[in-house]
Amino acid sequence: MRLMACDACPRRCAVDRAAGEVGFCGCPHLPRVAHVCLHRWEEPCISGSRGSGTVFFGGCNLKCVFCQNYRISVRPMGRTHDPDALANVFLAQEERGAHNVNLVSPTPYAAPVAEALRLARARGLTVPVVYNSNAYETVESLRRLEGLVDVYLPDLKYREESLARRYSAAPGYFGAATAALKKMVRQTGEAAFDGDGLMTRGVLVRHLALPGCSADSAALLRWLARELPGVHLSLMAQYTPVHRAREFPELTRTLRPEEYEPLLDLCDELGLDRGYRQGVDSPGEEYIPPFAPDTPFAADTGEGGGGLEEGPEDSPR
Ligand code: SF4
């Protein structure tokens with residue numbers, strides 16, 4: 001498999017990653033798996049009682065200054081897996097009791113991930129596959145996942161171009177993300193849940209409200225209500241200044257009730273009543289994945305190297 005002229009995300013860096021070239025994300029050709037766990041702190045319809053089988057990929061095509069997963073995202077941390085080995089990771093998650101396989105930040109690796117999913121299904125994977133991304137996707141890339149992904153769990157981050165550029169270095173974020181969301185909804189159809197309330201098909205959109213950005217959040221909620229009526233929404237208030245957030249004075253605090261509560265009211269007004277809403281008392285570093293101590297990754301990024309953390313369960317989202 002070759003990724004000549006990489007177009008896995010809207011940056012379309014056109015580098016040949018299979019030949020060792022790297023683009024904006026810095027990701028290699030084959031996926032790096034940085035962390036595998038049973039995750040109990042996703043939304044209840046994803047984590048259920050036994051946990052979601054999260055597979056955190058190293059690296060990211062965004063550069064969010066407040067990234068909670070910065071320890072593995074800034075550089076593509078983790079152990080390299082070819083599709084065959086990755087399929088076995090997915091199967092192992094089902095064997096340990098996970099309700100689903102939850103692919104976290106898979107975008108730069110969409111093509112080999114799709115191949116791994118085909119292999120895993122052929123080898124007996126039965127649980128739903130959740131694609132948990134920042135929504136900075138291309139429709140073409142999502143097309144490759146047709147029939148392989150059951151549940152999409154995309155972030156919807158910014159309406160304003162200036163915010164997308166300032167906080168995530170993501171030009172054209174809103175246009176790309178909204179086209180991706182529409183494609184995800186077309187691909188999965190109506191949301192469906194099993195008898196235990198676990199999501200088995202559909203789209204659950206996440207939005208993290210940011211300090212000082214209530215107007216932008218409101219614009220996104222209005223877009224969702226207008227363009228994707230009935231969509232399931234997870235509105236989050238857990239923002240905590242981490243990573244480079246302290247370089248941005250407006251991001252050095254948590255949300256204030258007076259900027260979050262009107263968003264809750266707006267959801268009521270717009271009929272966005274499917275999904276979840278965090279309380280304004282949700283911020284805290286307990287949501288940050290305990291991937292590993294800060295330092296040891298530098299030596300752990302190579303083929304077959306360390307950096308793969310496996311835990312029985314975790315508390316990040
Ligand atoms: S996945 Fe990485 S290399 Fe490919 S287009 Fe996106 S940022 Fe560029």
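The values are calculated or read from the model by the stated rules, or taken from the named source; none is laboratory data. Keep in mind the model is a prediction, meaning the values are calculated, not measured. Neighbour counts run over all protein chains shown; Cβ positions are idealised from the backbone, glycine included. For the accessible areas, the whole protein counts, side chains as well, though only heavy atoms, and no ligand, DNA or RNA atoms are used. Shrake-Rupley method; radii C 1.70, N 1.55, O 1.52, S 1.80 Å.
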ask   = What is the spin-label model distance, in nm, from D16 to E247 if the labels are put 7 Å beyond Cα along the C-beta direction?
value = 3.3
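What trypsin sites (Lys or Arg not before Pro) does region 1-110 have in DSSP loop regions with at most 11 other beta carbons within 10 Å?
Answer by residue number: R2.
Full-extension gain between R118 and A218, please, as 0.36 nm times their residue separation minus the C-alpha to C-alpha distance. List each step's numbers first, then the result.
Working: separation 100, 0.36 × 100 = 36.00 nm, distance 3.90 nm.
So the chain would gain 32.1 nm between R118 and A218.
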Region 138-159-region 81-97 distance, computed between alpha-carbon centres (Å) = 21
note = Candidates P76, P171, P154; GNM for the chain (alpha-carbon contacts under 10 Å) flags as most fluctuating P171
query = Simple spin-label model, 7 Å along Cα-to-Cβ: R274 to D194 in nm?
reply = 2.0
ask   = Where does the chain land at 222 nm, in deg cm²/dmol rounded to the nearest 500, when only DSSP H runs of n ≥ 4 count, each adding -39500 (n - 2.57), divided by all residues?
value = -8500 deg cm²/dmol
inquiry  = Going 7 Å from the Cα of R144 along its beta-carbon direction, which residues of region 72-105 have the amide nitrogen within less than 11 Å of the resulting point?
reply    = none
Calculated FRET efficiency for the pair D82/R226, C-beta based, R₀ 30 Å, to 0.05 = 0.10
Length released on extending from E95 to D7, taking residue separation times 0.36 nm less the Cα-Cα span = 28.3 nm
key: Mean shadow area of region 31-287, taken as a quarter of the surface of its Cα convex hull (nm²)   = 12.4
task = Describe numerically, in nm with one decimal, the distance between label points set 7 Å from Cα along Cα→Cβ at D281 and at E261.
result = 1.4
query = Along region 153-169, what does the Karplus equation 6.51 cos²θ - 1.76 cosθ + 1.60 (θ = phi - 60°) give for ³J(HN,Hα), rounded to whole Hz, x for Gly and Pro?
reply = 10, x, 6, 10, 9, 9, 8, 7, 4, 5, 5, 4, 6, 5, 9, 9, 6
Å² of accessible area per residue within region 180-228, as computed with a 1.4 Å probe and no ligands counted = 39
Selected from R159, R246, R206 as most flexible by GNM, with the chain as the system and alpha-carbon contacts under 10 Å = R246
